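The values are calculated or read from the model by the stated rules, or taken from the named source; none is laboratory data. As the structure is a prediction and not an experimental result, all values here were calculated from the model. As a convention, Cβ positions derive from the backbone with ideal geometry for all residues, glycine included, and neighbour counts pool all protein chains shown. Surface accessibility is based on the protein's heavy atoms, side chains included, excluding ligands, DNA and RNA. Shrake-Rupley method; radii C 1.70, N 1.55, O 1.52, S 1.80 Å.
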Amino acid sequence: MPAYNTIAFHADRCDGCGKCMIACAQAKSASDSPRRARLEVLADDAGRFELTMCRQCADPECVQSCPAAALAKNAATGVIEWDHDKCIDCLLCTVGCSFAGIALDEAAGHVVKCDQCGGDPACVRACKPGALEYLTMARIYDEAGSLEDLFVQGLSACQGCNTELIMRHTLRRVGPDTVVAAPPGCVPGMGAVGYNGLTGTKVPVFHPLLTNTAPMLAGLKRVYKRKGRQVTALALAGDGGAADVGFQSLSGAAERGEEILFLVIDNEGYMNTGMQRSSCTPYGAWTTTTPVGRESHGKSQDAKNLPLLMVGHRCAYVATASTAFMADFYLKLDRALQASKTGFAYLHVYSPCTTGWRFPSKKNIEVARKAVESNFVLLWEYTPAAGLRLTRSVDDPVPLSEYLVALGKYRHLTPEQVAHLEQHIAENVAAIKRHALAEAAAPPASTRPGISSAGALQGPPASQA
Amino acid sequence: MAAVAPLPSGRVLACDGNEAAALAVALARVDMVAVYPITPQSSLVEYLAKFIADGRLQAELVDAEGEHSVLSVLQGAALAGARTFTATSGPGLAFMFEPYLRTPGMRLPIVMSIVTRDTLTPQCVWGGHQDAMSVREAGWVQMYCETVQEVLDTTIIAYRVAEQRDVMLPVNVCHDGNYLSYGTARIELPEQDAVDTFLGAPDVNWHAALDPDRPMAVDPLTGGPAGAGPATFVRYRRGQCAGMHRALDAIRDAHREWARLTGRNHAPLIERYRMEDAECAIVTLGSMTGAAKDAVDEARAAGRRVGLVKVKTFRPFPATDVADALCKLRSFGVVDRSVDFAWNCGPLYREVVTALQGGTRTATSQSFIGGLAGADLTVEHFQRVIETVGQMREVAGPRDTVWLDAQE
C-alpha cells in the first residue's frame with residue numbers, strides 16, 4: 001500500500017483571505033472567480049473557518065454513488081479521478097459526498113473536484129498562513145478503504161460515539177478469519193451481536209456472558225489451532241466487564257497465554273446500562289451510582305489501572321491507545337494482532353462517552369485528545385522482550401483543568417478534588433516512568449513456555465500521531 | 001506420533017468411579033477437557049490430565065482458574081466443533097451456574113460429571129445429591145449411576161444422547177461422591193472399536209457455530225415487548241422442551257445399542273427390581289440402590305411382597321415409566337439423598353408423587369431422607385424403610401418426612 005497524500009486544513013491558522021480559492025480557479029478553470037474553485041473556505045457564525053474540499057477518501061462514497069463508474073480511486077496516487085467521458089451528469093456523487101468535495105461547476109457544465117494538481121497543489125502554495133498543508137497520510141486512512149467494513153451499516157451507537165470508530169477500524173484490519181466476542185455493554189447495545197434473528201456483524205459473532213469472554217474465546221481458539229486453522233479470536237469488551245466481574249477469567253486467560261486479541265474499550269463505567277460506576281471510573285467522577293449530593297461528591301476512589309495489571313501478567317503485548325491518536329492506535333493494533341498469534345495480546349483504548357460524561361457529541365475527539373495531552377491518559381506499550389515504554393511524551397502536559405472543564409461529570413469538583421486528581425496523575429506518571437526505566441535497565445526478559453519473545457513485533461517505534 | 005501405551009480397552013480391571021469416568025472420556029476420544037480441582041471430583045480430572053500428558057488421550061487440556069471458566073472454555077470449544085468434557089462438585093457447580101444455565105439453550109452437547117456432594121452450609125466436603133438437585137431445572141439431562149461400571153458405561157452413552165441431532169442437549173452423569181468416586185470395583189472396559197462405532201465422529205456444532213467459514217451470530221438478543229422477538233424466543237424454548245422430551249427415547253435407544261455391543265444391559269430410565277406381584281416398593285437414586293436391593297432380597301426371603309424402583313434418568317423425568325411402575329402398589333417410600341426445602345421432603349419424592357397425579361388410584365407414600373453429608377445408607381436403613389412402608393395403609397394427608405439419620 002503506497003503512502004497517499006492529502007491536503008490538510010488547520011482552521012486555527014486560517015485568516016479567511018480566500019487566496020487558495022483564487023489560486024485554484026486560476027489553475028484549474030483559467031478564471032479569477034472563487035466560484036470556479038474546487039475548494040471553498042467558509043466562516044461560521046462564530047468566525048471559525050471550515051473547508052469544503054475532496055478528502056480523497058480511502059472509502060469514497062462518491063465512487064460508490066456513481067452509477068456510471070465515472071469516478072475511481074487511483075491506486076498509485078490515491079487521488080479520486082473523474083472521467084468526463086463516462087459521466088452522465090446525474091450529480092449523485094454530490095449527494096454521496098459528506099465533505100462537499102465534488103460539486104457542479106455551472107460554468108463548466110459538469111461536476112468538478114480536486115486532483116491535487118498532480119502533486120503540487122496551487123492552493124497550498126497560495127496559502128501564506130500555512131492553513132493548508134500537503135502531507136502524507138497515516139496508513140490507517142489509506143488502508144481502510146481497501147479493507148472490508150465487517151460490521152453492518154446503521155449500528156445504533158449514541159451520536160458521536162467513538163466506540164463504533166474503534167470497532168470498525170479494528171475489525172477491518174483484523175479481517176474476516178475472525179470470531180468476535182462482545183460481552184454485554186455498548187458494543188452489543190448498538191446492535192453488533194444481532195437482534196431477533198438478525199446480525200450486526202459479517203464475521204461469526206457471539207454475545208458471551210459479561211464474565212466469560214476470555215475463556216470462551218480460549219476454548220474456541222485452542223480447537224481451531226488443533227485443527228490447523230488460522231482464526232483470530234477477538235474480544236471487544238468494555239472496562240466494567242474486563243476490570244470488575246470478568247477480571248478473574250481475563251486474568252486466568254492472560255496467565256495461561258491464551259492466543260487472544262483482547263481489546264477493551266474504556267469509557268470509564270457501565271455506560272450501556274445507564275452510566276454506573278466501574279473500577280475504571282476516575283476519582284471524583286459523577287455516575288448514577290456515585291451521585292453528587294450533600295453527603296457525597298462523585299466516586300471516592302481512584303480508577304484501577306487495568307492495563308498496568310495486565311503488564312503484571314507478562315502478556316505477549318499490552319498497550320494503551322486513544323481515539324484522538326488513530327495512527328498510534330492502528331500501529332498498536334497491528335502489533336497486538338501479531339502478538340495474539342503466539343500469546344495473549346491486550347489493547348486498552350480510551351473512548352470518551354458523550355452520553356455518560358456529559359459533553360456535546362461533536363467534541364468527542366477533542367475530549368480524547370485533551371485527556372492525553374493533560375496526562376489523564378498515558379499512551380504506552382509493553383512486550384516481555386522490550387519492556388514498557390511511553391509512546392507519547394508525558395513531559396509538558398497541558399493543565400488538567402483544560403480537560404476537566406469540558407466534562408459535565410466533573411462539574412461539581414471542589415479545588416480539593418481537583419488537587420487529588422492532579423496528585424493521582426502525578427503518581428501515575430511517576431509509576432509508568434519507573435516501570436519504563438526499570439524495564440530499560442533490566443537484562444533481556446526471559447520468555448515463558450508457549451509465549452514467543454514477541455520478536456515479531458519489531459518495527460518502527462509507535463510515534464505520536 | 002510416538003508410540004504410547006494404549007488404553008487398556010477390552011480388559012477387566014479394578015478402579016474407582018472417578019477413574020472409570022476418566023477412562024470413558026478417553027474412550028469417547030474427547031477433543032477438549034477443561035479442569036479445576038474440587039473434592040470429591042479432583043482425581044477424575046487428574047486421571048484425564050495424566051492420560052493427556054502420556055499421549056493416551058489426544059485432547060486439549062485447559063487448566064482453568066475456576067469452574068466458571070471451565071464451562072466457558074467448553075462452550076467456546078463446542079461452538080468450534082469439539083467434543084468436550086469436564087467434571088465438578090458442590091461449590092464448583094454453584095460457581096459454574098451462570099454458564100451452566102446457558103448451555104442447554106445453546107443446545108451444546110457438553111458432557112459433565114457431577115461427582116455429587118452436599119452443599120454448604122454447614123461446610124461439608126462429603127457426598128449427597130444436593131448439588132445436582134439444586135440445578136435440576138436448568139435444562140441439562142441428568143443420569144444417576146449405581147455402580148462403577150455404570151459410571152463408565154453411562155459416560156460413554158451420554159455423548160451419544162447429547163449429540164443425537166433431535167436432542168442436542170448437555171448431559172450430567174451424576175455419581176455419588178465418596179461411595180462411587182472413591183469406591184473401587186471390578187469393571188470391564190469396552191473395546192475402543194466398539195466405542196468408536198457407538199459414538200461416531202463428534203457432531204457438535206452443525207446447528208450453532210462460531211466458524212469464519214459459515215459466519216453467523218450465535219445467540220443474538222431475542223425478545224422484546226411484541227412482534228417477532230418473543231415469538232422467536234418461544235420457538236427456542238419449545239424446541240428445547242421437545243429436545244428434552246425426545247431424550248427419553250434417545251436414552252432408551254442408546255442403552256439398547258450399548259447392550260448389543262457390550263452385553264451390559266443397564267436400565268435406561270428406571271430399573272424395576274423384584275417388582276413382580278409387589279405390594280409395596282422403595283424408590284431409590286444412585287449408589288444407595290445396592291444396599292436397598294439387599295434389603296429387598298432379605299424381605300423377599302422372609303415372604304414380604306416388596307420390590308424396588310431405581311430412577312436412573314432424573315432429567316428428563318420418566319414420568320410415564322414411574323407411574324406405570326408404582327400406580328398399582330398399596331404403598332411406597334422414596335429415599336432421597338437431598339432435601340427439597342420448599343416442600344420439606346426429598347426432591348425425588350416430589351417428582352414421583354407428581355408423576356402419579358391423574359392416575360385412577362394413588363398409592364400411599366412416604367418421603368425418606370438419608371445419606372446426607374457423606375453418611376452411609378446401609379441395609380439397616382432400608383429395612384426400616386421397608387418396615388415403615390409395609391405398615392402404611394390409608395392416605396391420610398401429608399406424612400412427615402422421615403429423616404433416616406436423625407438421632408432423636
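The P(r) of chain A has a tail past 44 Å containing 19 percent of all C-alpha pairs. Counting, for every residue in A:224-235, the Cβ atoms of other protein chains within 10 Å of its Cβ and taking the mean gives 3. Among the GluC sites (Glu not before Pro) in the stretch A:123-207, those placed in a DSSP loop whose Cβ has at most 15 other Cβ atoms within 10 Å are A:GLU148.
Relative to its Kirkwood radius, the Cα radius of gyration of the stretch B:192-281 gives an Rg/Rh of 1.16.
The chymotrypsin sites (Phe, Trp or Tyr not before Pro) of the stretch B:183-288 that meet both conditions, a loop assignment by DSSP and at most 14 other Cβ atoms within 10 Å of the site Cβ, are B:TRP206.
Computed over every Cα-Cα pair of the stretch A:5-141 and binned at 5 Å starting from 0, the pair-distance distribution P(r) comes out as 2, 11, 20, 23, 21, 15, 7, 2, 0 percent. Taking amide H positions as modeled 1.01 Å from N, with prolines and chain starts lacking one, the residues under 5 Å from A:THR201 and 5 or more places away or on another chain are A:VAL152. In this view, the solvent-accessible surface of A:HIS420, computed with a 1.4 Å probe and all protein chains in place, comes to about 70 Å².
The largest-to-smallest principal axis extents of the Cα set in the stretch A:342-387 are 42, 21, 13 Å. Modelled label positions at B:ALA228 and B:ASP376, each set 7 Å beyond Cα in the direction of Cβ, lie 6.4 nm from each other.
Adding -39500 (n - 2.57) for every DSSP H run of four residues or longer, then dividing by how many residues chain B holds, sets the calculated 222 nm ellipticity at -12000 deg cm²/dmol. Put simply, the amide H of A:ASP266, placed in the peptide plane, has neighbours under 5 Å in A:VAL349, A:TYR350, A:SER351, leaving out anything fewer than 5 places away on its chain.
Per the Kirkwood formula applied to alpha carbons, the stretch B:12-199 shows a radius of gyration over Rh ratio, Rg over Rh, of 0.93.
Loop-resident trypsin sites (Lys or Arg not before Pro) (DSSP state other than H, G, I, E or B) in the stretch B:9-89 with no more than 11 further Cβ atoms inside 10 Å of their Cβ: B:ARG11.
What is the stretch B:92-220 by shape, rounded, prolate or oblate, if you read a ≥ b ≥ c off the alpha carbon gyration tensor as root eigenvalues and call it rounded for a/c under 1.5, prolate for a/b larger than b/c, and oblate otherwise? Judged from the Cα gyration tensor, the stretch B:92-220 comes out oblate (a/c at least 1.5, b/c at or above a/b). Residue by residue along A:192-198, Cβ atoms of other protein chains within 10 Å of the local Cβ number 6 on average.
Computed on the stretch A:111-261, the Cα convex hull volume stands at 194 Å³ per residue. Counting only other residues whose beta carbon sits under 12 Å from that of B:SER43, what net charge do I get with K and R as +1, D and E as -1? Here the count lands on -2. When the charge dipole of chain B is built from unit charges on Cβ atoms (+1 for Lys and Arg, -1 for Asp and Glu) and taken about the Cα centre, the candidate among B:ALA301, B:ALA254, B:CYS280 whose Cα reaches farthest toward its positive end is B:CYS280. Compactness of chain B is given as radius of gyration and Dmax, 21.3, 70 Å, from Cα positions. Each principal axis of the Cα atoms in the stretch B:75-142 has its own extent, and those three values, largest first, are 40, 19, 18 angstrom.
Ordered from longest to shortest, the equivalent ellipsoid semi-axes for the stretch B:324-398 are 22, 15, 10 Å, each the square root of 5 times a Cα gyration tensor eigenvalue.
Spatial offset of the stretch B:349-376 relative to the stretch A:327-364 amounts to 59 Å, using the alpha carbon center of each.
How many percent of DSSP beta bridges within chain B run antiparallel, rounded to 5? Roughly 25 percent of the beta bridges in chain B run antiparallel, per DSSP. The convex hull defined by the C-alpha atoms of the stretch A:254-412 has an orientation-averaged projected area of 9.7 nm². Phi angles across the stretch A:413-421 convert, under the Karplus curve 6.51 cos²θ - 1.76 cosθ + 1.60 with θ = phi - 60°, into 3J(HN,Hα) values of 4, 8, x, 5, 5, 4, 4, 4, 4 Hz, Gly and Pro given as x. Taking 7 Å steps out from each Cα toward its Cβ at A:ALA46 and B:ARG350 produces label points 6.5 nm apart.
The ellipsoid equivalent to the alpha-carbon distribution of the stretch B:272-403 has semi-axes of 19, 18, 14 angstrom, derived from the gyration tensor eigenvalues as √(5λ) and listed largest first.
The share of alpha-carbon pairs in the stretch A:234-313 lying farther apart than 21 Å comes to 31%. Distance between the modelled labels on A:ALA3 and B:TYR182, one decimal in nanometres: 7.0 nm (7 Å Cα→Cβ projection). When the P(r) of the protein assembly as shown is calculated, the portion above 43 Å amounts to 45% of the C-alpha pairs. Annotation: amide H of B:TRP403 within the under-5 Å range of B:ILE369, sequence separation 5 or more or interchain, hydrogens built in the peptide plane.
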